Amino acid sequence: IMIYKFSSLYNYRLSPLSTACTEDVIFQGPRWRTEPSDLILPINSPDHQATITCEAEGSPPPQYRWSLNGTLIDLGNDYRRHMSGGSLIISNLDKDQDTGVYQCTAFNMWGSILSRRASLQFAYLDNFKTQSVRSAVNVREGQGVVLLCGPPPHSGELTFAWIFNEYPHFVQQDSRRFISQETGSLYIAKVERSDVGNYTCVVNNTVTREKILSSPTPLVLRSDGVMGEYEPKIEVHFPDSVPAAKESAVKLECFALGNPVPEISWRRTSGVPFPSKVKMKNSNAVLEIPNFQQEDAGTYECMAENRRGKNAARGLIAVMPLDIIGWPCDGYAGLFLFPPQGRVQIENGALSISSLNRSDSGMYQCVAENKHGIIYSSAQLMVLASPPTFSKSPLRALLKARSGSEVTLECKPQASPPAISLWKKGNEILQRTERIALLPDGTLKIANVTKRDAASYTCIAKNQFGTASTTGRLIVTEPTRITMRPTNMEIIVGESIVLPCQIASDPALDVSFSWAFNGQLIDFQRDSDHFERVGGSISGDLMIRNIQLNHGGKYVCVIDTDVESLSTSAILVVKGPPGPPDKVSVEEITDSTAQLSWTPGRDNGSPITGYIVQARTPFTVGWQAVDTVPEVVNGNMLTATVVGLNAWVEYEFRVVARNAVGLGEPSPASAKTRTEDAIPDTAPTDVGGGGGTKSELVITWEPVPEELQNGEGFGYIIAFRPVGTVTWTRAVISTSAARYVFRNDTIPPFSPFDVKVGAYNNRGEGPFSSIAVVYSAEEVPSVAPKRVRARSVSAAQIEVSWEALPTIPERVLGYEVMYWEDDTKPDTIGKVRLSGNYTLVNITGLKANTAYYLSVAAFNTAGPGPQSAPINSTTKKPPPDRAPLNIQWNMIGSTLTLHWNPVVAMETESKVTGYLVSPTILQSCDLSPETIMLVFALAHFPESLPRASGAAEETSLQ
């Protein structure tokens, strides 16, 4: 007996009652993916086309047909209607022909099913009846009033609004004014003087988006007084019984007139509070219940209340029950299996069919309805009757088993009713023995397999509809042995190794090797940079190249054959330099020491043997190793004291660990920490000076670097005294300068002084430098050089000479020659300084054919003395800038004769006084060693370079 209950029966699987059938039958009749839904279109739809969706699945794919108002649509002769897939497309829409209820049927070889019904309607909105002005409504101030809208004929959902006097001044809803979306009327709970005016109802069709306006309704105040207070009167309320569909949205309206303006509240008479999904809008005049469920059903009460009294309205909201109206078979609404017919019984919505036969196969649907519509739920019934077949579960043609193992051969025919099975070994029927078991489900088991069990095995299945068989051959193989296994190893980062994995196996077996690392299969293509499988068919060796720390772990070689799986493993320990220490912190700091602590990093397979502490300041280039106490920090220590630090310097520290493999990566840097300040402990160096002007003592030194200043408020103390005296004169400067000038008219020129320089900061004075002797400024020479002479040497040189000064009171360190073109061109002045007792200099780089003025002065550290009286000299004209042309040569014996055209000097050039012939001997790689080439360079001698007189145009060389 098959019983179908009213429920969702999609994806239903049905198995025969007997367990002998090994697989469920997957039903392949139609089932809905998308069913049609109601459609409402504007009566003047711009695209003039409608699509009613319908889609089902099944095997073979379903076909479709459509009906309109219960009549089959002949799509072959209907030019306006056609299908796309299962969906119905209607073109050139016509209200009279296309309005109605549509239903889709999907069918294939297994049967057919009906869809839910869907209506197609056309939305429209007519105009209000022609009327210039509606009748005036006369009310007293304080009285309530209802202005009726009276919407015109329409189809489709409407929304309402009201205009006060003129557009766009719309009536705003509040606790005193309410617009019902059910009737369209405007309710004013208590009229005020500001309400007087014309009111126009605005009706909007949400489908067509049309909007029409009624004629104005004047609201006029009566002159016979003000309305007194009165209790609420509910004018808008919901029905006593409200049917609701499950999962729909329910809206209840409630509004009352009254003076004072009533307040609206809601409750359930059962006392159950509203769930959070319930919303109240428009000053509580509207109650919304989205996604209505059975637990939302009950009696709801609206209460209107003011100080004159209260009034209430109640209504029951209930979920409409579904009534089972029949069981259509194979998509035909007329084939209702109702009332009961012999083998077919229907009770409480359940369909029962007894004594099934093949004609009962097909699609069945349960149809239920209430006031909200009709729904269908589908199921497929297949009555099975078939001969045995092994098409889905044949025996493997070749089965291999290891000697001594247990073999299981399954016999799983598909048959209805279930088949009876037996086994044959070769041509002999198998019987149960101690090693051979024949199970009730047809499975054959052979324990402790030997070579004698190798043979062909056949399973034969039979029922009243036929017989079938399946055969497979059993081969018994020798066990596989691992001949070489990997061993546990320790290895250094960067090295390469091979882990062996070799076997001896039966030649009949197919063998495959795979490797797993820490439980994950190695992908040799993705990880080819490090892993490679090497060896032949009996070897699965694993090569690991350039081993990294993350390669340490368990390696498992897995050997798979047709009959068994073996594995062997090894632990690989990879040693590398230590990982970086962490959490380096400065525990305590002084002006020269810092107490550090840190946490260790990973030892990476080799114990940490020691640590190196490094420091960095704004004054160092990168990180530098620093001294510590203890001097050697061993691997068990996690603290150290850094010594030899500079005071008042900002330091960062880091720690590097080492082990037997090498140095590891450094730790992250510590937080920046400044050492305490201290008295300077470094004196300035290279103290010296001298020079300056009269009555000055100039003192210089090499400044103390900032990192050695030991604190804020740094400066220098300069102490000096004449040589041979006892008392020091001190000067203090707070700048970073490295020069001090002491001025005093009593200082003798070029007098020796003992000088020393010290440093200080806010903490006090530091040490002084060693004493240096510095001379005060001397006076410039008081006498100018005499017998100054100048001679033009060439177009760019003038030779100047003078007579050395005799002994004078001032020192003479050398002479300074100044030159200029004339007194009107001060920017053309030049200067040449000679240290020592020289009395002649060549001034070069001058302009050709130009007059120059020259003077000479003696100088010392105080500067130059008086200049000699200026003299003048003119540079020579420049030489011709052209080389001789038309050079010809003639070789007779060992004599070479040259001829050329003479160079004629222009008026602005020096005269030619001779020519220079310069032979150059070249060894050519293209000639024999005995052949010598002479190349001649021919130049002329200008007047500025004296040579032998005459301008030869011919010369001979031997």
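Other residues with beta-carbon under 9 Å from the beta-carbon of LEU221 carry, at +1 per Lys or Arg and -1 per Asp or Glu, a net charge of +1. Across the stretch 604-616, rounded Karplus estimates of 3J(HN,Hα) from the backbone phi angles (6.51 cos²θ - 1.76 cosθ + 1.60, θ = phi - 60°) give 6, x, 9, x, 6, 9, x, 10, 10, 9, 10, 9, 9 Hz, Gly and Pro being marked x. Give me log10 I(q)/I(0) at q = 0.10, 0.13, 0.22 Å⁻¹ for the stretch 381-514, Debye formula, one equal scatterer per alpha-carbon, no solvent. For the stretch 381-514 at q = 0.10, 0.13, 0.22 Å⁻¹, log10 I(q)/I(0) is -0.49, -0.67, -1.27.
Each Lys or Arg adds one and each Asp or Glu takes one away; over the other residues whose Cβ falls under 15 Å from the Cβ of ASP510, this sums to -2. The ellipsoid that matches the Cα gyration tensor of the stretch 582-674 has semi-axes, each √(5λ) in whole angstrom, of 23, 13, 11, with the longest given first.
As a proxy for reagent exposure, ranking MET906, MET83 by other Cβ atoms within 10 Å from fewest up yields MET906, MET83. Cα centroids of the stretch 42-72 and the stretch 205-233: 46 Å apart.
Report the Stokes-Einstein translational diffusion coefficient (µm² s⁻¹, integer) for the chain, Rh taken as the Kirkwood radius over Cα pairs, at 10 °C with viscosity 1.306 mPa s. Estimated diffusion coefficient is 34 µm²/s.
In a DSSP loop and with at most 11 other Cβ atoms within 10 Å, the trypsin sites (Lys or Arg not before Pro) in the stretch 474-568 are ARG526. With the helix formula -39500 (n - 2.57) applied to DSSP H stretches of n ≥ 4, the chain reaches a computed 222 nm mean residue ellipticity of 0 deg cm²/dmol. For THR874 and SER801, a Förster radius of 25 Å and the Cβ-Cβ distance give a FRET efficiency of 0.90, rounded to the nearest 0.05. Kirkwood analysis of the stretch 739-825, using all unique Cα-Cα pairs, places the hydrodynamic radius at 18.2 Å. Spin-label model, GLU301 to ARG473: label points 7 Å out along the Cα-to-beta-carbon direction sit 9.1 nm apart. With R₀ fixed at 45 Å, the C-beta to C-beta distance from GLN520 to LYS445 puts the FRET efficiency at about 0.80. The alpha-carbon of LYS310 sits under 16 angstrom from the alpha-carbons of these lysines, leaving out residues fewer than 8 places away in its chain: LYS190, LYS233.
The amide H of ILE589, built 1.01 Å from its N in the peptide plane, has GLN595 as neighbours under 5 Å, considering only residues 5 or more places off or on other chains.
With R₀ set to 56 Å, the beta-carbon distance separating VAL146 from ASP94 gives a calculated FRET efficiency near 0.85.
For the pair the stretch 476-498 and the stretch 541-577, the centres of their Cα atoms are 7 angstrom apart. Applying Stokes-Einstein at 20 °C and 1.002 mPa s to the Kirkwood radius of the stretch 229-317, computed over alpha-carbon pairs, gives a translational diffusion coefficient of 160 µm² s⁻¹. Taking every alpha-carbon pair within the stretch 130-227, the share separated by more than 15 Å comes to 60 percent. Applying a DSSP loop filter and a limit of 15 other Cβ atoms within 10 Å to the GluC sites (Glu not before Pro) in the stretch 555-644 leaves GLU631.
Rg of the Cα atoms in the stretch 481-575, relative to 2.2 N^0.38 Å, amounts to 1.06. Straight-line cross-link reach from LYS876 at under 16 Å between alpha-carbon atoms covers these lysines, not counting any fewer than eight positions away in the same chain: LYS847, LYS911.
3J(HN,Hα) along the stretch 561-569: 10, 5, 10, 7, 9, 10, 8, 8, 9 Hz, from the Karplus curve 6.51 cos²θ - 1.76 cosθ + 1.60 with θ = phi - 60°, whole Hz, x for Gly and Pro. Checking every one of the GluC sites (Glu not before Pro) in the stretch 145-253 against DSSP loop status and a limit of 16 other Cβ atoms within 10 Å picks out GLU157, GLU166, GLU182, GLU192, GLU229, GLU247. Reducing the stretch 105-158 and the stretch 882-922 to their Cα centroids gives an inter-centroid distance of 124 Å.
Pairs LYS400/LYS424; LYS211/LYS246; LYS211/LYS277; LYS400/LYS462; LYS246/LYS277: which exceed 22 Å Cα-Cα?
LYS211/LYS246; LYS211/LYS277; LYS400/LYS462
Rounded to the nearest Hz, the phi-derived 3J(HN,Hα) couplings of the stretch 773-789 under the Karplus curve 6.51 cos²θ - 1.76 cosθ + 1.60 (θ = phi - 60°) are 9, 10, 8, 6, 5, 9, 8, 5, x, 9, 10, 8, x, 10, 6, 7, 10, where x marks glycine and proline. Bridgeable aspartates and glutamates around LYS371 (alpha carbons under 12 Å apart, same-chain partners fewer than 8 residues away excluded): ASP323.
Show log10 I(q)/I(0) for the stretch 783-850 at q = 0.12, 0.19, 0.25, 0.29 Å⁻¹, two decimals, from a solvent-free Debye sum over equal Cα scatterers. For the stretch 783-850, the Cα-only Debye profile gives -0.36, -0.82, -1.19, -1.38.
For the stretch 685-766, the share of alpha carbon pairs falling in successive 5 Å distance bins from zero is 3, 14, 26, 23, 16, 10, 6, 2 percent. Shape of the stretch 187-287 from its Cα gyration tensor (a ≥ b ≥ c, root eigenvalues): rounded if a/c is under 1.5, otherwise prolate when a/b > b/c, or oblate? Cα axes put the stretch 187-287 in the oblate bin.
Read-outs: derived from the displayed coordinates by stated rules, not from any lab. If you're wondering where the values come from, they're calculated on a predicted model, not measured in any experiment. Every residue, glycine among them, receives a Cβ derived from its backbone with ideal geometry; neighbour counts consider all protein chains shown.
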